[in-house]
Amino acid sequence: MLTRSKEPGDEALLLLLWLAVDQVFEILALALDKVIERWVEGTSRDPAILAGVTLLLALVGVGACAIPARRASTVDPMVALRD
């Protein structure tokens, strides 16, 4: 969990760090897009590919929701509201 910084330049440094991380993820997304585009080229209407991709996306979505929800369910609500 991030705490509030005391130095005036800390926010700017944190912003620059987040921008750098964002740029790295954008480059990775573009590279992955090209790889998937070549892999799926010509097979985009194959039912097995569509079912597999749908299942994969559903599993990723469930994991993205379930993992933080499980962690949040272990926290006492009054402690969370005080922080």
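The values are calculated or read from the model by the stated rules, or taken from the named source; none is laboratory data. Note that this is a predicted model, so its numbers are computed, not measured. Ideal geometry is used to build each Cβ from the backbone, glycine not excepted, and the neighbour counts take in all protein chains shown.
Kindly indicate the residue of region 1-17 that is surrounded by 10 or more Cβ atoms within 10 Å (Cβ to Cβ) and assigned to a helix (DSSP H, G or I) and also modelled with the lowest pLDDT among those meeting that condition.
Let us first name the residues in region 1-17 that are surrounded by 10 or more Cβ atoms within 10 Å (Cβ to Cβ), namely 5, 10-17.
Pick out the ones that are also assigned to a helix (DSSP H, G or I) and you get 10-17.
Details: D10: 78, E11: 83, A12: 82, L13: 85, L14: 86, L15: 88, L16: 90, L17: 91.
Filtering first and then ranking leaves D10.
Answer with yes or no whether L50 is assigned to a helix (DSSP H, G or I) and modelled with pLDDT under 90.
On the way: assigned to a helix (DSSP H, G or I): yes; modelled with pLDDT under 90: yes.
So L50 fits the description; yes.
Yes or no, residue by residue, for (1) surrounded by 10 or more Cβ atoms within 10 Å (Cβ to Cβ); (2) of a type in the set (S, T, Y); (3) in contact with a strand residue (DSSP E or B) (Cβ under 6 Å, 6 or more places away or on another chain):
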position: A31; (1), (2), (3): yes, no, no
position: R38; (1), (2), (3): no, no, no
position: E41; (1), (2), (3): no, no, no
position: D46; (1), (2), (3): yes, no, no
position: T54; (1), (2), (3): yes, yes, no
position: I67; (1), (2), (3): yes, no, no
position: R71; (1), (2), (3): no, no, no
